[in-house]
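Worksheet for the structure shown next.
The values are calculated or read from the model by the stated rules, or taken from the named source; none is laboratory data. Since the model is a prediction, treat every value here as computed from it, not as a measurement. All Cβ positions, glycine included, derive from the backbone under ideal geometry; neighbour counts span all protein chains shown. Keep in mind that these areas ignore ligands, DNA and RNA; they rest on the heavy atoms of the full protein, side chains included. Shrake-Rupley method; radii C 1.70, N 1.55, O 1.52, S 1.80 Å.
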Amino acid sequence: MEGKEKCAVFGIYSNKPVFDLIYYGLYSMQHRGQESAGIATYTDKIEIHKAEGLVSEAFKGVFLEGCVGMGHVRYSTTGESGMGNSQPLIINYAGGSFAVGHNGNLINSLELRMQMKRRGSTFATTTDTEIIAKLIAQEHLKEGDFVKGIKQAMNQLRGSYSLVILKDKKIIAVRDPWALKPLIIGRSDNSIIVASESCALDAVGAKIVRDVKAGEIIVIDKNIKSDSVISERLAHCMFEYVYFARPDSIIDGLPVYEIRKKLGEILARDAPVDADIVVAVPASGITAAIGYARASNIPYGEGLMKNRYFGRTFILPEQIDREKGVRIKLNPIKSEISGKKLVLIDDSIVRGTTAKRIVKLLRDFGAAQVHVRITCPPLKEPCFYGIDMQTHGEFIAKENDIEEIRKQIGADSIRYNSIDSLIEAIGLPENNLCLACLNGNYPIKDKQLKLDV
Ligand code: AMP
Ligand code: SF4
């Protein structure tokens, strides 16, 4: 199976050793991937360490020298776990060697892999990242220039990719021509940094310079040098704002926290309900619940306590783990909910499993009514660009109308934000966003059926 990954990348050029800063940067982006972590630095050659598990586990007792380096945390779907596919990936070829970390998913990977195999390439992993890296290496040799090689490779890549590359003593940041996945540059006194999310810049004491632009290639050494391929259109992933990114990040100039709060406020405006308390599904619903509470004048309360040491249930590859996960993850606070009419806020419903279990849990602990309010409009179509919800069968909203969903979840009422409300909350023009999992309007028009699941 090819790679379908939502990950985080981090790169840094400095005049001081960078290992600790990469570690902190990755640590702050742990929410983007918990399966494995890797760091590569440059001394007179590339040094690398990668291991399974959380950042805090993967680098115990490890230190790598070097003032230039990069890191990656990885999430993977079923069937592609294991260290073979972990990143950064190192490529050795006639043009030297480089390390690459990738966040995203190609939609033409099968085709590219086949073409490249016919031309004699061999592959050691099943990831898109290796396809990207080998393509860049091939094109570098053809063009005689590394950045030109990247441009030639980009002209053949379809899909989402935010890349950080460590080549010689340089960091190179690359963002796909649709800017689907986030990628941002920052600067501190000693360093230039590139990261998937701005929270990683905060973590290392850097300030935002700007987002990497759609189709842009930025070479970072002492200076920042920019090149680019043509961008067809922007298609920033709406789900980063709704769910995936950390709320303290700023993506493409927009603060995620403010958008989530606004999504809650709009829900209160458009889907009001007579209730005693606003409760969030922690942690994904908290910011929107604050917005809903403020806009509705219904008090916000902590109706559910989350076990802090539990990872994202959804992020575990096996269904069995997810099911167990929801049971041990949350515990209601009886005094806050018993006998009360609740508004329950979460970011999204995929299969409906989480909402159903939580509604039941709240009722078991005495809630008089549970009104579910969801900030993300109904998810109906698979994501081909790296977010783990690829198959139609997974979506409760695909086949069922709102009343049927209400029944299945066992709520007293359920309402979602509309797509227009989502666009209003994000504040970008509709055609600058990817909304494909909501409306089937895929921003990259060709090759949508090449999904290899
Ligand atoms: P479900 O239980 O299948 O309806 O999934 C919805 C829950 O999973 C919500 O609480 C979301 O916060 C969370 N969620 C939605 N999409 C994803 C995703 N792609 N990865 C991880 N968690 C998700
Ligand atoms: Fe994001 Fe949905 Fe587009 Fe996937 S289909 S990139 S989750 S908006």
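Here the convex hull built on the C-alpha positions of the chain has a volume of 131 cubic angstrom per residue. Roughly speaking, to the nearest percent, how much of the chain's 1.4 Å accessible area is carbon and sulfur? Summing carbon and sulfur atoms, their accessible area is 50 percent of the total for the chain. Our summary gives region 257-429 a relative contact order of 23 percent, counting only alpha carbon pairs under 8 angstrom and 6 or more residues apart. Can you tell me how region 1-130 classifies by the Cα gyration tensor, rounded, prolate or oblate, using a/c under 1.5 as the rounded cut? In terms of gyration-tensor shape, oblate. For region 154-226, the square roots a ≥ b ≥ c of the C-alpha gyration tensor eigenvalues yield an a/c of 1.5 or more together with a/b not exceeding b/c, which makes the shape oblate. With the charge dipole of the chain set up from +1 on Lys and Arg Cβ and -1 on Asp and Glu Cβ about the Cα centre, the Cα lying farthest toward the positive end among the listed residues Ser56, Ile333, Gly215 is that of Ser56.
Using only side-chain charges placed at the Cβ, +1 for Lys and Arg and -1 for Asp and Glu, the dipole size of region 7-232 relative to its Cα centre rounds to 440 debye.
Evaluated with a Cβ-only charge set (Lys, Arg +1; Asp, Glu -1), the chain carries a dipole of roughly 240 debye about its Cα centre, given to the nearest 20. Ranking Ile349, Thr375, Leu361 by how far each Cα lies toward the positive end of the dipole of region 340-411 (charges on Cβ) leaves Leu361 at the top. Under 1.5 on a/c is rounded, so check that first for region 75-177, then, if it is not, pick prolate when a/b is larger than b/c and oblate when it is not; a ≥ b ≥ c are the square roots of the alpha carbon gyration tensor eigenvalues. It comes out rounded by the Cα gyration axes. Report for region 257-429 the percent antiparallel among DSSP-assigned beta bridges with both residues inside it, nearest 5. DSSP beta bridges in region 257-429 are roughly 15 percent antiparallel.
Shown is the FRET efficiency for Glu57 and Asn439, computed with R0 = 45 Å from the Cβ-Cβ distance and rounded to the nearest 0.05: 0.65. Think of it as helices only: each DSSP H run of n ≥ 4 in the chain is worth -39500 (n - 2.57), and spread over all residues that comes to -8000 deg cm²/dmol at 222 nm. Summary value for the chain: 14 percent relative contact order, contacts being C-alpha pairs under 8 angstrom separated by 6+ residues. With kT/(6 pi eta Rh) evaluated at 10 °C and eta = 1.306 mPa s, and Rh the Kirkwood radius from Cα pairs, region 257-429 diffuses with a coefficient of 98 µm²/s according to Stokes-Einstein. Here region 40-170 is treated with +1 on each Lys and Arg Cβ and -1 on each Asp and Glu Cβ, and its dipole about the Cα centre works out to around 380 debye.
Averaged over residues, the count of other Cβ atoms within 10 Å places the peptides 7-18, 245-256, 260-271 in the sequence 7-18, 260-271, 245-256, highest first. Summary value for region 47-191: 22 percent relative contact order, contacts being C-alpha pairs under 8 angstrom separated by 6+ residues. Taken along the Cα-to-beta-carbon direction at a fixed 7 Å, the label points for Lys16 and Glu430 span 4.9 nm. Normalised by 2.2 N^0.38 Å, where N counts its residues, the alpha-carbon radius of gyration of region 166-316 equals 1.28.
Among 156-167, 181-192, the peptide with the highest mean count of other Cβ atoms within 10 Å heads the list, and the full ranking is 156-167, 181-192. The ellipsoid equivalent to the alpha-carbon distribution of region 7-232 has semi-axes of 24, 20, 17 angstrom, derived from the gyration tensor eigenvalues as √(5λ) and listed largest first. Candidate membrane-span-like segments in the chain, meaning DSSP H helices with Cα atoms spread over at least 24 Å of their own axis and a Kyte-Doolittle mean of 0.0 or above, do not occur, with no membrane implied either way.
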